[in-house]
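Enquirer: One structure, as structure tokens, below. Some questions next.
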Amino acid sequence: MAHIQVPEGLPGIRGLLAFRPETAGPLGALADALLHAPSPLSPGERELIAAYVSDLNDCTYCHGSHAAIAACHLQDEALVGAVIRAPESSPISEKLKALLAVAGRVQQSGRAVRTEDIERARHAGATDVEIHDTVLIAAAFCMFNRYVDGLATSTPVDVAGYRERAMFVATHGYSAVTQAGDRVPR
């Protein structure tokens, strides 16, 4: 049960956005800018970063949501699972492995990011924009994860529910979800 009275039937951040619509718009816009807007990193790669950081933060709701959205974009649920479990041994580019390592450092602490981590990412072909976006996604998801778990929101156990909403979000973005409210698939 959530620490505050949120609308029933809206798990995770969805209940919090419905509870406080004044913050829903800006948070949806931030998520869109980070994960859905044009970027040198694909939407699937950015969603992987969000899912990975959420998993490191043990935020079940955010991990499940963003892993499902990443799988929609990448059309490979098994790959997403492999990346979350062991990015260094998964079949992804060296650049994405290096960026996930940077994201993991940010999850520990912004000051945990070392020059060697950035050099590794650059050596693997990451641009300054890709490094910037990785750090910002990781930092923002630490905030989103703490928001969701700090208020003890409910977490669905049915993976199918994540998949259904993932298709809507992957297609329409996060602002569409916050504007549509609960009219999108549960």
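Enquirer: May I ask you to evaluate 6.51 cos²θ - 1.76 cosθ + 1.60, the Karplus curve with θ = phi - 60°, for each residue of the stretch 6-18 and list the ³J(HN,Hα) values in order in whole Hz, giving x for glycine and proline?
Expert: Using θ = phi - 60°, the values come out as 10, x, 5, x, 10, x, x, 5, 4, x, 5, 5, 5 Hz.
Enquirer: Could you work out how far the C-alpha centroid of the stretch 39-56 sits from that of the stretch 115-161, in angstrom?
Expert: So the two Cα centres are separated by 6 Å.
Enquirer: Got a sec? How would Ile13, Ile84 order by Cβ neighbour count within 10 Å, fewest to most? Mind showing how you got there, number by number?
Expert: On the way: Ile13 25, Ile84 20.
Listed from fewest to most nearby Cβ atoms, that is Ile84, Ile13.
Enquirer: With a 4.7 Å Cβ cut-off, tell me which Cys residues in the chain come up empty for a partner.
Expert: By the Cβ distance rule, which asks for a partner under 4.7 Å, the isolated cysteines are Cys72, Cys142.
Enquirer: Let me ask you something else. Taking the mean number of other Cβ atoms within 10 Å as a proxy for protection, how do you rank 109-118, 66-75 from highest to lowest? Provide the component values of the computation, followed by the final result.
Expert: Working: 109-118: 12.5, 66-75: 23.2.
Answer by packing, highest mean first, reads 66-75, 109-118.
Enquirer: Also, quick follow-up: Sorting His36, His123 on the 10 Å Cβ count, fewest up front, what's the list?
Expert: Details: His36 21, His123 11.
Lowest count first: His123, His36.
Enquirer: Sticking with this one: Along the Cα→Cβ direction, 7 angstrom out, place labels at Glu164 and Ser42. What is the inter-label distance in nm?
Expert: 2.7
Enquirer: Between the helical axis of 128-150 and the dominant principal axis of the chain, each derived from Cα atoms, what acute angle in degrees is found, rounded to the nearest 10?
Expert: 40
Enquirer: Assuming R0 = 25 Å, what is the FRET efficiency of Ala112 and Leu151, from their Cβ-Cβ distance, to the nearest 0.05?
Expert: Details: r = 26 Å, r/R0 = 1.05.
My answer for the efficiency is 0.45.
Enquirer: Another one. Bins of 5 Å, beginning at zero and ending with the bin holding the largest distance: percent of Cα pairs per bin for the chain, please.
Expert: 1, 9, 17, 22, 22, 14, 8, 5, 2, 0
Enquirer: How large are Rg and Dmax for the stretch 1-95 when only the alpha carbon atoms are used, in Å?
Expert: Considering the stretch 1-95 through its Cα atoms, Rg and Dmax are 14.7, 45 Å.
Enquirer: Here's something else I'd like to know. State, as an integer percentage, the relative contact order of the chain based on alpha-carbon contacts under 8 Å between residues 6 or more apart. Numbers along the way, then the final one.
Expert: Details: 241 pairs, mean separation 62.1, N = 186.
Worked out over the chain, it gives 33 percent.
Enquirer: Continuing with the same structure: Compute the angle between helix 94-108 and the longest alpha-carbon principal axis of the chain, please, reported from 0 to 90 degrees and rounded to the nearest 10.
Expert: Long axis of 94-108 versus the principal axis of the chain: about 60 degrees.
Values in this text are rule-based calculations from the coordinates and carry no lab data. Note that the coordinates shown come from a computational prediction; the quantities given were computed from them, not determined experimentally. Ideal geometry is used to build each Cβ from the backbone, glycine not excepted, and the neighbour counts take in all protein chains shown.
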